[in-house]
Each structure stands twice: as structure tokens, then as C-alpha cells.
1. Cross-link list B:Lys145/B:Lys362; A:Lys219/B:Lys145; B:Lys219/B:Lys371: which exceed 22 angstrom alpha carbon to alpha carbon?
2. How large is the dipole of segment B:7-142 about the Cα centre if only Lys and Arg carry +1 and Asp and Glu carry -1, each at its Cβ, rounded to the nearest 20 debye?
3. Assuming 0.36 nm per residue, please report the length gained on full extension of the stretch B:Val173 to B:Arg128 beyond their Cα-Cα distance.
4. Counting Lys +1, Arg +1, Asp -1, Glu -1, what net charge surrounds B:Tyr69 among other residues with beta carbon under 11 Å of its beta carbon?
5. Using the Cβ atoms and a cut-off under 11 Å, what net charge is assigned to the surroundings of B:Thr45, where Lys and Arg are +1 and Asp and Glu are -1?
6. If r is the Cβ-Cβ distance from A:Ala147 to A:Arg318 and R0 is 30 Å, what FRET efficiency results, to the nearest 0.05?
7. Counting other beta carbons within 10 Å of each Cβ, put B:Tyr43, A:Tyr258 in order, fewest first.
8. Mind putting a number on the dipole of the protein assembly as shown about its Cα centre? Charges go on the C-beta only, +1 for Lys and Arg and -1 for Asp and Glu, and I need it in Debye to the nearest 20.
2 protein chains.
Amino acid sequence: MPAPLEPRRVSDHRSRRIAALLDGLTAAHVDALLVTSLANVRYLTGFSGSSALLLVSQRDAVLITDFRYQIQAADEVGDVARVTIEQQSLWTGLWQQLTQVPGIQVVGFESAHLLHRDFQRLMEAGSRWQWRPTLDLVETLRERKDANEVRLIERAAAVAIRALERTLAEVRVGMTELQVAGVLERALRDEGSEGFPFPSIVATGARSALPHARASAAKIRDGDLLLLDFGAEVEGYCADVTRTVVVGRASDDQREIYDVVREANEQASREIRAGMSGRDADAIARGYIERRGFGDLFGHGLGHGVGLEVHEAPRLARTADGALAEGSVVTIEPGVYRPGWGGVRIEDDVVLDAAGPRILTKFTRELLELKS
Amino acid sequence: MPAPLEPRRVSDHRSRRIAALLDGLTAAHVDALLVTSLANVRYLTGFSGSSALLLVSQRDAVLITDFRYQIQAADEVGDVARVTIEQQSLWTGLWQQLTQVPGIQVVGFESAHLLHRDFQRLMEAGSRWQWRPTLDLVETLRERKDANEVRLIERAAAVAIRALERTLAEVRVGMTELQVAGVLERALRDEGSEGFPFPSIVATGARSALPHARASAAKIRDGDLLLLDFGAEVEGYCADVTRTVVVGRASDDQREIYDVVREANEQASREIRAGMSGRDADAIARGYIERRGFGDLFGHGLGHGVGLEVHEAPRLARTADGALAEGSVVTIEPGVYRPGWGGVRIEDDVVLDAAGPRILTKFTRELLELKS
């Protein structure tokens, strides 16, 4: 494993992130922000536990967690935020902190990351303060990855690719999708993946046409399309990869559809740029697939951001108006799905550098015919 | 794999569940309930997809999902609910359905399963109706498992146990926690697990004292305690198992702490009863551990319900007043954690039958010393 990051530098990164968030607080007219999204907490402080509230104000950042994370929180957060350990409920800790930090009247909360049940706590136990819903204050910062984040996604992508290579070497006719998932997931662990960012999709034959198939007891037959869509995780950062292969010899139909999807992926991966809208990026691949006559069979968006979460901003889709930030990392994953026959999806992760797109998932897009 | 369930019977089960929920709606003084928890949707209708709203009223039950799930929803839901496919947003579909079903004025929603962002939709686009927060209307029904549900949890437990046996046969000094996780997860897939209900915990040596360790690059050393806490899933139902072993020869200290935890598990698994409070069940194990002098080192609750979710009602803990329902399935998982040294946890899944508790996770609780 490569050496861990040098702590001081990470802390500097994180201090800059909190400074950037403070500008957002001013623009949103709130004195403080209650951060309840654990991915946002991790981005701002480095804390990777599963139980935390983070309160950020112009004067202070305080992370409230429970006794299970006492040692871990101190290690991970360093001097970026104060850490307080709460014996009872994180909410009790929140009221205490709000009372102690002077000058806080209006507090923003994350509308997309707060359950109604907890919103009621704010209205009742927290009624001394004025609460204001906010959207995407931290997510917007997360769109633009720094060099360190890109490096971690690149490492996760390398883990995913090595696991894919090892898996394809073991696939045989007669294996079940579940068995292939087991080979893949073991290889991901052996290569160092800290987890599975989402349930692996392994779909054979006609099941490859189901955009949300999970692995099942279905068996691979000779000549099947086999679609694998899976992730890897390194220091919290995710990669997300899809490849579709043929087990045995590809038919002419399979080759035709594969070539359409491959060319759509290649065009989009080559022509996507920071500054372009998510809609225009989507249109590169979609336009090509439509011209080849398969537009009706590409029923989802072209891609999504990837980072601390496997689905995050920005979106690449027909309804995505926003401009793609320089430094964002997005998936490019066109697909063509013919119900009852099968589907092909080819997905890469691409960073939008100032100089142009750079592919992080370095694996051939040529059609592979596995020995059956 | 055992044969799938006979569809007609499942549909009957589900109709009975909806009938039971309707009694809850009457008691909560709502005309209808908007179900947003996907586990609750699955319990009531059988639908296993990742995108759905369910509206249940005295007249009707309607599942709203998107085009990706058209075929799957029809297959899974049968005649328990109407299925509508929404091209745009599930919420648009909800307003249409609410308008079409006569007599609906007050609609309950699940306060613990609705984000503030979506609550705002109800207040704005849904302002024609009166919305009332509800808690646990479906979760309460789910506590009492029927014979079919217990059978699925028992199958998941058998998958978990077979995978554990295969894994322990492969563990060696020098392997990393990640490698052990890979062996375990591949075995789970080979045995038919549909997924991983939570990130596997594999913790060696002093790391076994961290109640929420995930698998890491740490290597197993001779004489280490090795703690494995993981799940399996069959037809949506989960099992949750923990065993702690010694790789090599156990020391006297390890044996002493292991015996305390084993005896606490055995007493609780033997003496727990439906009708008892969660607090009293917790006290069986906790009292024993306290009498042995390790009470300060057992910092979490004794257990939790398990079913369609790996953590669900009821809770077994010092703060759990409610009576345990007959037919509930709970984990019994006492632990003793000595910081810097290591920890032992032994976890079984137990169904609370009328005749007494029955253990579903059939694996020895004796201390295993693996060949190093």
C-alpha cells in the first residue's frame, strides 16, 4: 500500500474547505451551519465514523460524536475542529454547543440530509434558534476535487481495474452471477478496497438489459453478454466502473450494439470539458446513439459525479443545466438495453482537468470474448 | 437453492399485513399513509426496488415507481397493490393518486423516513392535503415475524454459518483483515447471499476492542483475538452473526474474558422470553458480566431486532422499556472490550417463540483456537 498522506497537509486542505464553506454561510445569511451528511462531515473534518453532527460558524467548528469514536475522532480531525464526546444524545451536545458559541441566532441545516423526525427536534428542543433550510452548500465545494482527492479516486480506480482483470480470468460458463460477484469482491478486498460503495451488479444474458439488476443465482450460458458494474473505495474515495463482455463468441448483434456504446463512451470521454453543461455532455453520447438508431434504448443519464460518495454532484443528463466544474470527476456510462435480449454499458471515471478530460479507469474498451 | 415461495401464499401474507396496517391508520386518525421507507414498502408489497412511494388507504393501496422497475414491480407486487409507473417524478404520481382516490383529507407520513426536502414538497405541492407525522406504524407490525419470515432469516443464518466455517478454515497468521473479509465475502456469495447487509467487521488483535472497526490492512499475528461480525441476506431477510476466535493458542486472559462473554450469551439466549422488556433481557447478560467484574467494558446494548433490515425493532438495551413481541427475532451480542488489548463479542440470532427462545445461528460458542 502507498504511504498514508502527510497529516499536516491534509489538515491544511481541510482548513481551506471550512474557509470556503464560511463564504457560503455568509451568502446564505446564516450564522452557522449544522452539517448532518456524514460525507460532508468527512469532507470538512476527515472524520469517517457513522455518528456525528458538525456545527460550523465563523468563530468555530465543533464535531459532536459518541464515546465509540473518541480515539478515532481525535486522530482524524486533528486541529480542524474541536471534538466533543456526547454520552447521551448527539442532539443534547448540539444544544450545549449552540449555547456556548456566542452570536449564533440563525442556523442553517441541510434540507437534503435531515429526517423530518430530527427537523422536529430543531423546532422543539432547538426553538431558541431560528432554523433555515439550505441545499448543497458543501456538495458544491465537493464538486471540484483537489489533486489529493483525484489521486485517491485514481487509486480506487486502479484497485477496481486490477480486481476486474482477475475476475475476468476466472469467469466460466455455468458460474452463477453470485459466484462471479464473490470472485470480484474477494479480488477487490485483496487489492485493498475498504468497502463496496454499492451492491455489485453482475448480470448475464437477458438480465444485462435490466439497468438495476443485482447479482442472482442465474447461470452464465455460452454466448451471454455479461455486465459487471461495481465500485472500490480507498481512504473514503470511490471509483465506479462498468464493463460488458461476451462469454464465448460474440454474435453480430452483440458486436453492433457494443460498438455503438463503445463509440459513444469514447466520444464523450474525449470531448467532455469543464464549463460545458451536464446536458451538453450527455448530448455527446446520446446524439451518437440516436444517430445509430438506438436512442430509445438508452434510458438513463450519461453519468454522475464520484468522490466521497459514489453518486454525487454534478449530473450528466438531459435535465442537468449546471456547468461542470474544473476538477470534477464524473462517470461516463452510456448504455443500450434491448429488453429480453440483453444490454451493454461501458463506464469510465474521468477527471475534468483544465487541459481537458483525463481517464482514471485504465482498462480496454474493446469487446472482450472470454474463453467459455 | 430451495424452491422459491409459492406466490399465492405470499400475496395472502401481504394482504394480511396491509389489513393490519389499516387498523393502525384508524388509530392514528389518518385517512391514508404515505410509506417512504423502502423496507416498509417491501414488507407490505414485496417490491424490492430502490425507488418507490406507497400510498395505503382504506380503499386502495398503490405503489408508485419508475420505468426501470416496470416488469419487476408487476412480478413482485401481484394483486396486493396497484402499480403505477411514473415517467417524471414519483411525487407527481403521488399528487395524481391522491386526487383520484376519494375521501382522503388527512395523510400520515413516516417522520423517521422522510427527508426535510421531501417534507417541504408535501407542504408546498401537496398543500391540498393535511399531513400528519407518524412513527413506527409499519415497524411495529414487522417486529412479530410470521413463520415464512423466520424461515428466511433461518436460511440467511445458515448461509452465514457455512461461510464462517469456510473462512475460519482459511485464516492464517500474516493475512490482513481485508484479505479475511475477501475470503468471507466470497464464501457468502458462494453460499447464496444476495448482498452484505452492512460492511463486514474483521478486527484482529487490539483492533477487536474497537466496537466499530471495519476491515483494514492490519495483519493477523500469532495469538491474536480475531473478531468477525457480518451478515447474509436471503430474499431480503438478514442474519447477523459475530464470532471471536484466537489465531494460535489462547492466553489465560483471553480465555477468561471469552468465558465471561460466552456465559453471558448463553444465559441471555436461554432466559430471554417474549413479553419481557428489552431492558430486562439486556440485564440478564449485563448482570452476569457485572458480577464477573467486567461491567465497565460492555459499552453497548445486548442486541436488536433483525429482519428486512439488519437493525430494526425491538432494542435490547438499558433504555428499552417496550415488551418483546412473540415472534420477534433479535440478536444476542454481549461483548467485553479492553482498550489496547482486544475484545470479544459473541452474537447469535434468536426467535422468541411462544414456547421459548430458539437459536437460528447454529455455530459453536466454544473458544476456537485456529492453527496459526
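1. Values: B:Lys145/B:Lys362 19 Å; A:Lys219/B:Lys145 32 Å; B:Lys219/B:Lys371 16 Å.
Correct reply: A:Lys219/B:Lys145.
2. Details: 14 positive and 14 negative charges, 31 e Å.
The calculated dipole for segment B:7-142 is roughly 140 debye.
3. Separation in residues times 0.36 nm, less the Cα-Cα distance, equals 9.7 nm.
4. Numbers: positive: B:Arg68; negative: B:Asp66, B:Asp75, B:Glu76, B:Glu86.
My count for the surroundings of B:Tyr69 gives -3.
5. Values: positive: B:Arg14, B:Arg17, B:Arg42, B:Arg82; negative: B:Glu76, B:Asp79.
Around B:Thr45, the charge tally is +2.
6. Working: r = 32 Å, r/R0 = 1.06.
That gives a FRET efficiency of 0.40.
7. Ordered by Cβ neighbours within 10 Å, fewest first: A:Tyr258, B:Tyr43.
8. The calculated dipole for the protein assembly as shown is roughly 120 debye.
Every read-out reported here was derived from the displayed coordinates using simple, explicitly stated rules and does not represent laboratory data. This one's a predicted model, so the numbers in the text were calculated from it and none came from an experiment. So basically every Cβ, Gly included, is an ideal-geometry build from the backbone, and we count neighbours across all protein chains shown.
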